[in-house]
Amino acid sequence: MSLRCSLFDLDNAYNKFFKEKVGYPKFKSKFNKNSFRTNMITIEYKGRTYYNIKLDLIGKTITLLKIKNMKIRGYRKINKINGRIINTTVSRELDDTYYVSVLIEEDIINYKFMPTTIIGLDLGIKDLVITSNFKKYKNEKVIEKYEKRIKQKQKRLAKKERGSHNYYKLKREIARIYKKIKNARKYLIHHITKDITDNNDIIVCETLKVKNMVRNHHLAKALTDASFSEIIRQLEYKIKWKGKKLYKINTFYPSSQICSHCGYKNPLLKNLNIREYTCPNCNYELDRDINASVNIMFEGLKLYMNEVSAYNLI
């Protein structure tokens, strides 16, 4: 079954190469994670239905082809799935841990969109997400916690004989550290995006060009650790699931320079070192990040009202 899935993937790769000109297919590297996929097959015989994939979330077991009642554990506290299993993918990471990913198809109820709340988001490095309702989500800066350990182990790895038992043993240790960084960052972002999408109907953020931002060598590591692209990606798909709306304002909108209280634009605020200031026009005390998130919210509200007006005119 997994061989047939690989043949289908190869066929799709060649079709994309000849029809869509996306690039010639490449062999899978043995140094990356190893994985195989199995499609769900249902067979009816003598009035009984047989499945090659069975998932028991109460007993924490999964049954795959030629693998029966394999113990699993995960962070999702659910007792059953409300959908149809399509396929499963078993993968082995570089630190020799195994994961099984189950693809499920389920019906999502689309409710009529009647918004009652709107929020603007400003993404930063010190605080990961700053909202227009004065809430700040702290940036855990996960890389800094493990940076010293990674450097030490990388130095030891450089002295090992490439291909030896100790070489691969140390590589697995480094892979485990990177997995901790990945999981900690993933948990934090899921927690933030879930809280925001659960409690707000309209979410507004900036259109960020992360690739251009990373070119700044002074901020590259901090920006990579912050994972702005992943935050936006999670917001986009969670918004679709929950039947809400996400608006992205223009990249060059000066959200930090405009006073959210009176609308005065202060060009001196291009200096990123200024975090708190008083508006020279209305004397209103402003926090740079919260002020930006409020301006982003107002700009998103304009986009929503324009969309509603255009819809009513049709």
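Each value in this text was obtained by applying a stated rule to the coordinates, not by laboratory testing. Everything quoted here is computed from the prediction, not taken from an experiment. Here Cβ is always computed from backbone atoms with ideal geometry, including for glycine, and neighbour counts include all displayed protein chains.
What the table shows:
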quantity: Spatially proximal aspartates and glutamates relative to Lys155 (Cα-Cα < 17 Å; intrachain offsets below 8 disregarded); calculated: Glu147, Glu173
quantity: Cβ charges +1 (Lys, Arg) and -1 (Asp, Glu), total dipole of the chain, debye; calculated: 2160 debye
quantity: Axial C-alpha extent at least 24 Å, average Kyte-Doolittle at least -1.0 - helices from the chain (DSSP); calculated: 288-313
quantity: Semi-axis lengths, Å, the chain, gyration tensor of Cα atoms, sqrt of 5 times eigenvalues; calculated: 43, 30, 19
quantity: Cα-derived Rg over Rh, computed across the stretch 2-105 with Rh taken as Kirkwood radius; calculated: 1.03
quantity: Above-threshold pairs, the threshold being 22 Å between Cα atoms, out of Lys180/Lys238; Lys186/Lys240; Lys182/Lys211; calculated: Lys180/Lys238
quantity: Computed over the stretch 109-159, Cα set: Rg, Dmax in Å; calculated: 20.1, 62
quantity: Fluctuation leader among Glu299, Glu93, Glu20 - the chain, Gaussian network, Cα springs under 10 angstrom; calculated: Glu20
quantity: Gaussian network model of the chain, Cα within-10 Å springs - most flexible of Gly263, Gly243, Gly300; calculated: Gly263
quantity: Residue of Asp287, Asp198, Asp11 that the Gaussian network model of the chain assigns the largest fluctuation, springs spanning Cα pairs under 10 Å; calculated: Asp11
quantity: Sequence-separation-based contact order of the chain, relative, with Cα cut under 8 Å and 6+ spacing, percent; calculated: 15 percent
quantity: Geometric extent, Cα atoms of the stretch 161-314 - Rg, Dmax (angstrom); calculated: 20.7, 72
quantity: Efficiency of FRET between Phe252 and Lys28 - r from beta-carbon atoms, R0 35 angstrom, step 0.05; calculated: 0.25
